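Following: one structure in structure tokens, then a few remarks.
Here, each number is a calculation from the coordinates, and none is a lab measurement. What you are looking at is a predicted structure, and each value in this text was computed from that prediction instead of being measured. Using ideal geometry, Cβ is built from the backbone for each residue, glycine included, and neighbour counts are taken over all protein chains shown.
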């Protein structure tokens, strides 16, 4: 992580404390655009954020750039995405403004990989952490979805609607604090793009390595490629050990036609005999390596 003073969670928690007082009637979704403009104007009048605009951005997802001869800043986001992804991108760039603008006077141009796949490093990771803490504070999330509960798709969808974020962002946030052994798998054309395991699942060896390896096919017995069973897959289907890794699980799968992705949630049993204290799984994705340290990710 960079050494620049206040850390991302602290920034987000301080802002949420302000919102707790000023937005009592409608606390969520966080008014991220209004917040970025007003807070920067009041807190940093010498170089505030003066504009937040959308545009056609084929090569990147969002940007923070200097305007008015270095006396102000603007945020640009890709308008060709869902509202959830747009809001996360704006929060991500707001995080760059708060934490990094003096370190990078020329600003930031953040790729889809940096923002959407949460695959960036250092300052990009910090901006992601800030966005997740700001939009989906743990205290509120845990209150509505306790750590020991196995949520249904409807439960997670309701949380995503509450926070105004994508379903994937919401699932990832839940995985960061749940006590259950669960996993999110994102696939395209029957190949796993990336995955995210809860801490307890990761420690028991339940994860997929997807970086630096030959593309991993989704299991042939899974429901990922069975669109004829879409309704059943949304409710959850039990699988024996050997379908999704070496343990039995419940698979919930939904298809996102807009982005050509398939979203799969896997719930495993509470206990596993595979993990022993002091064990460390073989090298895994940068995604999982980062999540084991701090915790975040994605957007629809």
**Q.** the chain: angle of helix 8-22 to the longest principal axis, Cα-based, in degrees nearest 10
**A.** 70
Q.
Suppose we keep just the DSSP beta bridges with both residues in region 8-108; what percent of those would be antiparallel, to 5?
A. 55
Q: Mind sorting out which of (1) 61, 40, 38; (2) 55, 41, 39; (3) 66, 43, 38 is the real Cα extents along the principal axes in Å computed from the coordinates?
A: (1)
(Q) If packing is taken as the average count of other Cβ atoms within 10 Å, what order do 51-58, 186-193 fall into, highest mean first? (A) 186-193, 51-58
(Q) As I understand it, the value is the acute angle between the Cα axis of helix 83-100 and the longest principal axis of the Cα atoms of the chain; what does it come to in degrees, rounded to 10? (A) 60
**Q.** Mean-position separation - Cα centroids, region 191-210 and region 1-63, in angstrom
**A.** 31
Q: With an 8 Å cut-off on Cα pairs and a minimum separation of 6 or more residues, tell me the relative contact order of the chain in percent.
A: 17
Q.
I want the antiparallel fraction of DSSP beta bridges within the chain, as a percent rounded to 5.
A. 85
Q. Could the peptides 157-170, 62-75 be put in order, highest first, of the mean number of other beta-carbon atoms found within 10 Å of their residues?
A. 157-170, 62-75
Q. What is region 8-135's relative contact order, in percent, from Cα pairs under 8 angstrom and six or more apart in sequence?
A. 28
Q.
How tilted is helix 153-163 with respect to the longest principal axis of the chain? Cα atoms for both, answer in degrees (0 to 90, nearest 10).
A. 0
Q: Extending each Cα 7 Å along its Cβ direction at residue 19 and residue 227, get the distance between those two points in nm, one decimal.
A: 3.6
Q | Sequence-separation-based contact order of region 143-237, relative, with Cα cut under 8 Å and 6+ spacing, percent | A | 20
Q. What shape does region 8-135 have by the C-alpha gyration tensor, where a ≥ b ≥ c are the square roots of the eigenvalues, rounded means a/c under 1.5, and otherwise prolate means a/b greater than b/c and oblate the rest?
A. rounded
Q.
Restricting the calculation to Cα positions, tell me the Rg (one decimal) and the Dmax (whole number) of region 135-201 in Å.
A. 11.9, 37
